[in-house]
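Worksheet: one structure, shown below.
The values are calculated or read from the model by the stated rules, or taken from the named source; none is laboratory data. Note that the coordinates shown come from a computational prediction; the quantities given were computed from them, not determined experimentally. Note that each Cβ is placed from the backbone with ideal geometry, even for glycine, and that neighbours are counted across all protein chains shown.
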Amino acid sequence: MKSMTSAKSALSAAAVLLALGACAPGSSSDGEPAADANAAVQTGVPAGQVELNLIATPESGAAMKDIIPAFQAKHPNVKINYVDTTYDDYNKSLNLALSSDTSPDIVLLNAVGTTVKDQLILNLQPYAKAYGWESAYPAGQLNQWRVAKDGTTLGSGDLYAAPASFSQVGLYYNKAKLKKLGIDAAPATLEDLEAALAKAKAGGETPLQLGNKEGHASFPIQLIGQSTDGPAAYAKWVFGEGGATFDTAGNAKGAQSITDWGTKGYYSKDANGIDLQGAVDKFTKGDGVFFVDGSWDSKKIGDALKGDAGFVPFPGPKATAIGTSVAYGISRKSKNAQAAAAFLDFLRGPEAAKASFAQGFLPSDTSTVTAEPGTISAELIAAWNKVNADDGLIGFNNNATATMNDTLVAETQKLIAGKVDAATFIRAVQSDWAKTHG
């Protein structure tokens, strides 16, 4: 899940998804594809007319409006029906659709959730081997979609989703405001950032734009945490490895920083009442020197601030980012798994890469896209390459359990409101994690 966006109710969403499946002649409960990781599979698009149904959310699936026509132009016997779905609880609603007799064929996975444990999506390991995905992607880019036999531990085991493109959460900054404040360059360390925040406050600016109505204060907390603890160690908790804990020096530093920054007036007192897009709007109108957000908002920010829009990995000893792939899985009930897998393979090609990059998402191989020097797009590529060179991409904390998103929203709001301290926040997050991972 790349962001914590809320919209329609889960009940309404489930109805949308089930209605989509109901009009799907290509989807049926009669299909029961093999889940054996060593099963032999065929590659390529089969002969004859094929109809596939694909569902995604508007932000993640925006590039599909260009990708699907490009695929269909090469394979005119395939028709792909695409529907955007927007709602509060994507995972629960998605599970309802996948378990129905009219399941869609291809689905966006914001998180593994319980889809593997409940045997709702196809084991893609045979296709990963057949198409060479394991050599096409760095291991770290696939590991977030590997699931162990227990159905909940991530990072190892078979592959259950294929990446289309990637998001990264980093630090946006307003170049014009830095220049005005006499700050020569974007901060490279946390100490640099805190000095810049202090200077911005003294200069009458909003140092940090922050909207936490949907829990996005968890972004800077995690970025400080993983940078301090180190990405390899931090990833164990995100993946749900036994014995991992949220009670680390890095997370304590991250939670305390958010508290301290609020006390110092570095972000707005009404941050808990501002959603992510509200914060984006404020930042693009000049309210804020820095802003922690994902690459998915880069087009909007770049269009508004133009040459003044800057982006770097979050300051720290190594280049780390929060991010995941926009990844798609195949329903176990799809009767057209071969065609669906061929489409997933198409997602790593140049046509898909260009379409995704235009929407603010990064391809695994940035050599497939270009950007004008000095633009936000060029800075996204530079940051992405640096993060990958340091093997610093870590999945979202809010995907660590099926309920972690709700926990982080509630607990970050309490933290910002001064109702809990950093230690209490950390205990609450770890308690949620322990219910799933022990």
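Before moving on, here are some points about what is shown:
- Gly170 in contact with an Asp or Glu (Cβ under 9 Å, 6 or more places away or on another chain) and at pLDDT below 95: no
- Of the helices (runs of 4 or more DSSP H) lying entirely inside the range 321-438, those containing at least 2 residues that are within 16 Å of the chain's Cα centre (by Cα) and not polar (S, T, N, Q) are 376-389, 404-417.
- Number of residues in the range 286-320 that are of a type outside the set (D, E, K, R), assigned to a helix (DSSP H, G or I) and in contact (Cβ under 8 Å) with a residue 60 or more places away in the chain equals 7.
- The lone criterion from (1) assigned by TED's automatic domain parsing to the domain that holds Leu154; (2) in contact with a strand residue (DSSP E or B) (Cβ under 8 Å, 6 or more places away or on another chain); (3) small (Gly, Ala, Ser) left unmet by Gly349 is number (2).
- Leu159 vs. criteria modelled with pLDDT of 95 or more and more than 21 Å from Ser325 (Cα to Cα): no
- The set of residues in the range 301-339 being farther than 30 Å from Leu98 by Cβ and small (Gly, Ala, Ser) consists of Gly302, Ala304, Gly307, Ala309, Gly310, Gly316, Ala319.
- Counted residues, the range 383-409 - those being free of Cβ contacts under 8 Å to residues at least 40 places away in the same chain and of a type in the set (Gly, Ala, Ser): 0
- Among (1) under 23 Å from the mean Cα position of the chain (by Cα); (2) surrounded by 20 or more Cβ atoms within 10 Å (Cβ to Cβ); (3) on the phi < 0 side of the Ramachandran plot - the single one Gly215 does not satisfy: (3)
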